[in-house]
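Colleague: What follows is a structure written as structure tokens; I'll ask about it next.
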């Protein structure tokens, strides 16, 4: 009996859409099925506080949206996408009221770091210059790199912990805390091996591409992907909860943009017990407690650099950030957590009514925590921006359970599709030559639970699509 489609994708997050687009570009007939009433996974925008205030519920700043080897080649600007580039990609406030800014200009950034200037350039100049020689290998499964020398040079810097890297290269506290701010995106203890890699990649992105976001909300990135996909002949079906493979039309391949925990619940898959056992042992990382605000004015950061930055990393000493991120993995929290803030409306007036503003933030918390951390987050922002609380018109909060209810891929509030430590960075979801394939030859996994992990880059989906083409279509 002939198939209805060549491939069916379950889940319309950035990875699911990337897989669908690539397969459609190669001439296959595909369809995407999505449980929610709108596409996008964690890349969606809603009015969470007051009418007229647009808040990104999940992903908010999308450097990989422009840096991804797959997304950057798509004509998304022809499908409604407009990128906004903040004056400063990100900044970090310091105890004395000043701040350190990551400018797109590498030298301008290094000039702030005093005697650490040359060390900063030594780390990042080669990465910025040679990024296009290693990006495809970094953003894919383990294999033989195209440029092994450049890849090895990156690996020697990336393998240590963030703490080891800053203590080796930097003398000033401001330089160390500046790097800690980007490395803490990892949701790992900063003493963990390979935690430096996250700071290296994200800072390189800032210098090479900037840290932009879509005008009007992250949903417009999703909308542009969907529009392009449909222009290729792709089909999207919403409000479809898939519990059994047989509920779907016939296809040669099924790609699931879900985590291992969810995939194992799908009936109709032909997985041996050993594979199920290995997938069941997959580890999820720390969760987040998410907040959004409607504000009467921009966040009044004391630091001029922070007032001009799209993203602000808050943590007032290396010890404070290190303690905050380390405690989480022992199911504990401090009263002074690392807080990540995004402020879209100072660059994008479509986010709020005239003269008003929005803010977006989260802190890392133990996976599955239902505690309310709103006061703790607001206290941290207030330390960097006295008077912040007086600007609040309304707030929205989401704990880890609420985040998972909103998007089932966010297991326990984990926004990365699983822990991204040295044991799971390239071996997710299991150790395999083809991590996107499963023992069932028709079933593939294309979520951030596969390499290269979390982030709005689409490379998990793109890599999974390549595996499907190779296995079933001589691609």
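Colleague: Which stretch or stretches of the stretch 159-178 have amide N atoms under 19 Å from the point lying 7 Å from residue 96's Cα along the Cα→Cβ direction?
Modeller: Those under the cut-off are 170-178.
Colleague: May I pose another question? Counting other beta carbons within 10 Å of each residue's own, what order do 471, 73, 116, 292 fall into, fewest first? Walk me through the numbers before you get to the answer.
Modeller: Details: 471 17, 73 8, 116 22, 292 25.
Final ranking by Cβ density, sparse to dense: 73, 471, 116, 292.
Colleague: Would you calculate the separation in nanometres between label points at residue 37 and residue 250, each defined as 7 Å from the Cα along the Cα-to-beta-carbon direction?
Modeller: In this crude label model, residue 37 to residue 250 measures out at 3.5 nm.
Colleague: Which angle from 0 to 90°, rounded to the nearest 10, does the C-alpha axis of helix 374-384 make with the longest principal axis of the chain?
Modeller: The angle comes out at about 50 degrees.
Colleague: Among 46-52, 296-302, how do they line up from the highest to the lowest mean number of other beta-carbon atoms within 10 Å?
Modeller: Most protected by this proxy first, the peptides run 296-302, 46-52.
Colleague: Please grab the % of Cα pairs in the stretch 105-208 that end up more than 19 Å from each other.
Modeller: When all Cα pairs of the stretch 105-208 are counted, 40 percent exceed 19 Å.
Colleague: Right, next: Report the relative contact order of the chain, percent, no decimals, based on alpha-carbon pairs under 8 angstrom and at least 6 residues apart.
Modeller: Normalised by residue count, the contact order of the chain is 25 percent.
Colleague: Here is a follow-up. Tilt of helix 117-138 relative to the longest C-alpha principal axis of the chain, in degrees (0 to 90, nearest 10)?
Modeller: 10 degrees
Colleague: So, one more: Just the projected area, averaged over all directions, of the convex hull on the alpha carbon atoms of the stretch 328-466: how many nm²?
Modeller: 11.2 nm²
Colleague: Suppose only helical runs count, i.e. DSSP H with n ≥ 4. What mean residue ellipticity at 222 nm does that imply for the chain under -39500 (n - 2.57) per run, divided by all residues and rounded to the nearest 500 deg cm²/dmol?
Modeller: -10000 deg cm²/dmol
Colleague: Another question, then. How many nm separate the modelled label positions at residue 3 and residue 317, each set 7 Å beyond the Cα in the direction of the Cβ?
Modeller: 5.9 nm
Colleague: Now, a different point. Please report, in Å, the Rg and the Dmax of the stretch 10-55, where both are computed over Cα atoms only.
Modeller: 13.9, 44
Colleague: So, one more: Which order do 354, 288 fall in if you start with the one that has the fewest other Cβ atoms within 10 Å?
Modeller: Arranged by neighbour count, lowest to highest, 354, 288 become 354, 288.
Colleague: Which angle from 0 to 90°, rounded to the nearest 10, does the C-alpha axis of helix 173-183 make with the longest principal axis of the chain?
Modeller: It is inclined by approximately 20 degrees.
Colleague: A further question follows. What is the stretch 360-475's relative contact order, in percent, from Cα pairs under 8 angstrom and six or more apart in sequence?
Modeller: Relative contact order comes out at 17 percent.
Colleague: While we're on this one: Obtain the nm distance between the two label points defined at residue 72 and residue 235 by a simple spin-label model: each point lies 7 Å from its Cα along the Cα-to-C-beta direction.
Modeller: About 3.5 nm separates the two model spin labels.
Colleague: For 291, 279, which order do you get if you count the other beta carbons within 10 Å of each Cβ and list the fewest first? Could the numbers behind the result be given before it?
Modeller: On the way: 291 23, 279 19.
With the fewest neighbours first, 291, 279 line up as 279, 291.
Colleague: Please work out the Cα center distance from the stretch 263-287 to the stretch 1-43, rounded to the nearest Å.
Modeller: Taking the Cα centre of the stretch 1-43 as reference, the centre of the stretch 263-287 is 22 Å away.
Colleague: Also, I was wondering about something else. So what's the gap between the Cα centers of the stretch 84-163 and the stretch 368-426, to the nearest angstrom?
Modeller: The stretch 84-163 and the stretch 368-426 have Cα centres separated by 26 Å.
Colleague: Which stretch or stretches of the stretch 28-58 have amide N atoms under 15 Å from the point lying 7 Å from residue 402's Cα along the Cα→Cβ direction?
Modeller: Under cut-off, by backbone N: 46-50, 55-58.
Colleague: For the chain, give me the percentage of DSSP beta bridges that are antiparallel, rounded to the nearest 5 percent.
Modeller: That works out to approximately 65 percent antiparallel.
Colleague: Once the piece of chain linking residue 156 and residue 227 is laid out straight, how much longer is it, given 0.36 nm per residue of separation minus the C-alpha distance between them? If you can, show how the numbers build up before the last one.
Modeller: Details: separation 71, 0.36 × 71 = 25.56 nm, distance 4.12 nm.
Length gained between residue 156 and residue 227: 21.4 nm.
Colleague: Only Cα pairs under 8 Å and at least 6 apart count here; give the relative contact order of the stretch 105-208 as a rounded whole percent.
Modeller: Values: 125 pairs, mean separation 30.3, N = 104.
Once divided by the residue count of the stretch 105-208, the mean separation gives 29 percent.
Colleague: Another question, if that's okay. Show me 220-230, 17-27, 117-127, 75-85 ranked by packing, highest mean number of other Cβ atoms within 10 Å first.
Modeller: Per-residue Cβ counts within 10 Å, averaged per peptide and sorted highest first, yield 17-27, 220-230, 117-127, 75-85.
Computed from the coordinates by the stated procedures, all read-outs in this text should not be read as laboratory data. All values derive from a computational prediction rather than experimental measurement. Methodologically, a virtual Cβ is constructed for each residue, glycine included, from the backbone with ideal geometry; neighbour enumeration extends over all protein chains shown.
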